1. For the stretch 74-112, what are the residues that are farther than 19 Å from Tyr162 by Cα and touching a Pro at 6+ places or on another chain (Cβ under 9 Å)?
2. Scan the stretch 55-70 and give yes if some residue there is farther than 23 Å from Val5 by Cα, assigned to a loop (DSSP other than H, G, I, E, B) and aliphatic (A, V, I, L, M), otherwise no.
3. Which residue pairs have Cβ atoms closer than 6 Å, lie 6 or more positions apart in sequence or on different chains, and pair a first residue in the stretch 65-82 that is closer than 15 Å to Val128 by Cα with a second residue that is of a type in the set (Asp, Glu)?
4. When residues of the stretch 138-170 are filtered for being surrounded by fewer than 16 Cβ atoms within 10 Å (Cβ to Cβ) and out of contact with any Gly (no Cβ under 8 Å at 6 or more places or on another chain), how many remain?
5. Six or more apart or on different chains, Cβ under 7 Å: which pairs go from a residue in the stretch 121-133 that's under 17 Å from Ala65 (Cα atoms) to one that's of a type in the set (S, T, N, Q) and part of a loop (DSSP other than H, G, I, E, B)? Could you list them?
6. Search the stretch 43-54 for residues that are within 13 Å of Pro8 (Cα to Cα) and touching a residue at least 40 places away in the same chain (Cβ under 8 Å) and pair each with any residue that is outside any strand (DSSP E or B) and charged (D, E, K, R) when their beta-carbon atoms are under 8 Å apart and the residues are at least 6 apart or on different chains.
7. Which one is surrounded by the most Cβ atoms within 10 Å (Cβ to Cβ), of the residues in the stretch 171-193 that are farther than 26 Å from Phe103 by Cβ and among the hydrophobic types (A, V, I, L, M, F, W, C)?
8. From the list Phe137, Phe103, Phe107, pick out the single residue that is at positive phi and touching a residue at least 24 places away in the same chain (Cβ under 8 Å).
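None of the figures in this text is laboratory data; all of them are computed from the coordinates on show. Note that the structure is predicted; figures quoted are calculated from it, not measured. Heads up, the Cβs are rebuilt from the backbone with ideal geometry, glycines too, and the neighbour counts pull from every protein chain shown.
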Amino acid sequence: MKFTVQIPDPIDPKLEGKEVFVTKQKVVGNRLRKNICSVLFHPVFGNLVLVLTEGGEIHAIDTFACAVVHQRIAVVKINSNWAIDTAKLHLLVVGDTGRAIVFDCDFGSSKVTRGAVHTVYAKQKDIVTLPVHKSWFSVHEIHVTETTYVNTVRFLKDENMYLTATSEGEVKLWRCHDLASMGTLNSEAWSTEMLKS
């Protein structure tokens, strides 16, 4: 099944609430910033898809309605990667320079009986923002002048951990419940004992 969804134009936080004249250059920049770089299907609601744009805006799409149901539910760093803890419904978003934030991605699913065959999301209110579970913190120390960037964020369901990795090959594990670092996998200091703590 194919369908097209119109993604809203990005908002420049510096210009929010001000009258702005649209120029050809601004329209081209908006097209680039609203390109979708990643999608995540909600673990509970089968019809709810979260999209992350290159400009760092997160939108919620209802696949039944083929439309954006909630615009700009969060704004994160540009060129971010993300993963969702399918049990706790926490969304870890990491920018390319290693700054991360965690959102609560429940969408009211705590009131829904888990394991139902067809759990459908129904829009409750017009304006929705994702609550911050853990505010900005560093997962990788990357200086702005370095060419290294975070290129992978994954949730490891069986281990109940997040994995983050950079373009230089640094791979770290993070405990889901408190986001404590479990160490860097490919370092001399790495030991499996870190997984037992």
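1. Taking the stretch 74-112 first, the residues farther than 19 Å from Tyr162 by Cα are 74-75, 78, 107-112.
Matches in the stretch 74-112: Val75, Ser109.
2. Step one: of the stretch 55-70, the residues farther than 23 Å from Val5 by Cα are none.
Scanning the stretch 55-70, I find no residue that is farther than 23 Å from Val5 by Cα, assigned to a loop (DSSP other than H, G, I, E, B) and aliphatic (A, V, I, L, M), so the answer is no.
3. Val69/Asp62; Arg72/Glu57; Val75/Glu57
4. Residues of the stretch 138-170 that are surrounded by fewer than 16 Cβ atoms within 10 Å (Cβ to Cβ), as a first pass: 138, 141, 143-147, 151-152, 154, 156-160, 167-169.
Within this subset, residues satisfying the condition of being out of contact with any Gly (no Cβ under 8 Å at 6 or more places or on another chain) are 143-147, 151-152, 154, 156-160, 167-169.
Within the stretch 138-170, residues that are surrounded by fewer than 16 Cβ atoms within 10 Å (Cβ to Cβ) and out of contact with any Gly (no Cβ under 8 Å at 6 or more places or on another chain) number 16.
5. From residues that are under 17 Å from Ala65 (Cα atoms), the pairs are Tyr121/Asn47.
6. Within 8 Å, the pairs are Thr53/Arg33; Thr53/Lys34.
7. Going residue by residue through the stretch 171-193, those that are farther than 26 Å from Phe103 by Cβ are 186-193.
With among the hydrophobic types (A, V, I, L, M, F, W, C) added as a condition, the list becomes 189-190.
Details: Ala189: 7, Trp190: 15.
Here the answer is Trp190.
8. Values: Phe137 fails: at positive phi; Phe103 fails: at positive phi.
On inspection, the qualifying residue turns out to be Phe107.
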